[in-house]
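Read-outs throughout are calculated quantities, based only on the coordinates presented, and are distinct from any laboratory measurement. Note that the structure is a prediction, hence the values are computed from the model and not measured. Cβ atoms come from the backbone with ideal geometry, glycine included; neighbour counts cover every protein chain shown.
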Amino acid sequence: MAATTRVHSNVTISFNNISLNDVENLMPIEALCHSHPWTQKTFSSCIGGRYFGEYAQLDNRILGFYIGEHVAGEATLMDLCITPELQGLGYGKTLLLRFFEQSKLLSNNCVWLEVRAKNISAQMLYINQGFTETGRRTGYYPSSSGFGYEDAIIMKKLL
């Protein structure tokens, strides 16, 4: 069942729960958004059970999605992707706010995430929505250049 929300007075976005049938359609966005994207098998393993996620549509076009995990009153944002040509238009914030709403409905009292240390635009989105850095995982992500590794910044927000 789809829920809708208004982003601006003239734009309506619909949110749909992600099912295994949606993975194939979401994988191209995943691949475009990450230097080391999830495999289809990994993506599929993050559907159902303790995982929750939705994709967002604008005029029957998928604009992005999020995947979250919830355990013992805490949620983790596992993945958030916006179709590259639609990035920078506020849709990441819209999906993040929707993730918060769904996390609260699942009785979570805080949310966690990890973000690449070099992904400044994502960090700014998270900081502007109330996340604070709680730690770092040194050399956690393979470098997007293919040489070496980069740190993950661990962030938390109370709901």
Please give me, ordered by residue number, the trypsin sites (Lys or Arg not before Pro) of the stretch 1-101 that lie in loop per DSSP and have at most 16 other Cβ atoms within 10 Å. R50
Per the chain, cysteines lacking a partner by the 4.7 Å Cβ criterion: C46, C110
In square nanometres, what is the average projected area of the Cα convex hull of the chain? 9.5
